[in-house]
Structure formats: C-alpha cells, structure tokens
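The values are calculated or read from the model by the stated rules, or taken from the named source; none is laboratory data. Just so you know, these numbers come straight off a predicted model, no measurement behind them. We place every Cβ from the backbone using ideal geometry, glycine too, and count neighbours over all the protein chains shown.
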Amino acid sequence: MKLLWRALMKFLVGFALLSGLIFLPAGTFAYPHAWLFFAVLFLPMLLLGIFLYRKQPQLLEKRLSHREKEKTQQGVIALSALMFPAGFVIAALDFRFSWSVVPTWCVIAASISFLLGYAMYAEVMRENAFLSRTVEVQQNQYVIDTGLYGVVRHPMYLATLLMFLPLSLILGSLWGLIPFSLYPIILVVRLLDEEKMLMASLDGYATYCQKVKYHLIPLIW
C-alpha cells in the first residue's frame, strides 16, 4: 500500500504541476492541444503504473526513485528541470497569443511519435528488470544484449527522444521547439557519462559495446 500511495501521489503531483505550467500561461482551460497532450501522456502512464504495481512492483519502486549522486548526472537533471518547464510555458504562451500555427497532420504525427516512444519505453521495461531512473550498477546486475538492446545500447533513451522532441508540436506550438531541441544534447551528455560508468563497473559491458555499435539511433550513432 505504501508503494501504491507513493505512485498515486507522484501521478497526481505531476498532473497538478503540468496543469499549472500549461493552463496558467495559456490563460484558459479551453486549450484542445493541451488536453490531447494530457491524454497521450497520462493515460498510458496510468496503465503502465497499474501493470507494474501488479506484476513488477520492484521495478516500479526503482522508477519512483531518481536521486542522482554523480555530479554530471545531477547537472543533467538540473538542465532538464529548466528545459521542460520552459518548453511547456512557451508552448502555452504561443497558444495564448497565436504566435504560430501547427498543421493538424503535424500534431497527429507528433502524437503518434509520442505513443510509439511510450510503447518502446514499456518494452524496454519488460526486457530490463534493472532499469532505474538513476545511473547506477545494481546488485547482481548483468548485461542485457537481446531485444531492443541488441539494436542500440540505450533503447530507453531512444524512446524518450521519440516522446519529448515532438512535445511542443502536440501542444500546437512551433516556438516551443526551441527549448525542447536542447533535449538531444542533454541526453547525449547523460548517455556518454553513463557508458563511462558502466564500462568501469559492469562486467561484460565493454564486450557488449563492441557487439552493439550504435549508442542511440540505429545506423546513425
């Protein structure tokens, strides 16, 4: 019950914070793109949370804990904590003052990209029981090199890229792309620092990197 309460509180607090970041600068609740974003974000999140609570509560516990200890990762988290609110506020102001117009087909494509990323995210959680929100090597952890991990070294980060890059388009804003375009840079910094740690601390990871060449995007990098 304690785990259920923590997960529920995180869900409600996240909903409340996002509502404030989006609807307050928008100046209205009559913001259809925002409700679309809430639907593609919170409905899958709720379903995934219920599944993890019933089937993999230990993994849910790890996903609720995200206190980084390493300085580089703390910096990454700090930058993310600035980027996301800035992106949401700018997108909401864009809607309020009609700074830009995003074609409907683009909003639909961005929403599909987000949902595909979420599906990939769920698959990564199924494949990797050691998945944590913090960069660490856990007790009895071993290298996973099958499934999506046989294609790229960091499929979870690829999933978040599909989700977060088109966020402002789902919200109907072109100007919001500016802060969200920083996400790939933040992600690469986190990824390379994580690989450095895994090379030093996780048996077999160096061999895995020789086998799987691509860090993030198949056939590119």
Positions within the range 199-211 being crowded, with 16+ Cβ neighbours inside 10 Å and outside any helix (DSSP H, G or I), in sequence order: 202
Residues within the range 1-16 that are under 21 Å from residue 92 (Cα atoms) and either of a type in the set (D, E, K, R) or surrounded by 13 or more Cβ atoms within 10 Å (Cβ to Cβ) (or both), tallied: 2
Residue under evaluation residue 72, criteria (1) surrounded by 15 or more Cβ atoms within 10 Å (Cβ to Cβ); (2) at pLDDT 75 or above, criterion not met: (2)
Matching residues, the range 17-35, being out of contact with any Phe, Trp or Tyr (no Cβ under 6 Å at 6 or more places or on another chain), of a type outside the set (S, T, N, Q) and more than 12 Å from residue 91 (Cβ to Cβ): 17, 20, 24, 27, 30, 32, 35
The range 193-221, residues that are charged (D, E, K, R) and free of Cβ contacts under 8 Å to residues at least 40 places away in the same chain: 196, 213
Some residue of the range 132-142 being at pLDDT below 90, among the small types (Gly, Ala, Ser) and closer than 29 Å to residue 86 by Cβ: yes
Residues that are surrounded by fewer than 22 Cβ atoms within 10 Å (Cβ to Cβ), of a type outside the set (A, V, I, L, M) and in a helix (DSSP H, G or I), drawn from the range 162-198: 164, 179, 183, 184, 190, 193, 194, 195, 196
The range 27-66, subset modelled with pLDDT of 90 or more and part of a loop (DSSP other than H, G, I, E, B), residue surrounded by the most Cβ atoms within 10 Å (Cβ to Cβ): 31
Search result, residues across the range 80-126 that are surrounded by 15 or more Cβ atoms within 10 Å (Cβ to Cβ) and outside any helix (DSSP H, G or I): 100, 102
Count of residues meeting criterion [under 12 Å from the mean Cα position of the chain (by Cα) and touching a residue at least 60 places away in the same chain (Cβ under 8 Å)] in the range 96-118: 3
Residue match in the range 148-158 (condition: more than 30 Å from residue 97 (Cα to Cα), of a type in the set (Lys, Arg), modelled with pLDDT of 90 or more and surrounded by 15 or more Cβ atoms within 10 Å (Cβ to Cβ)): yes
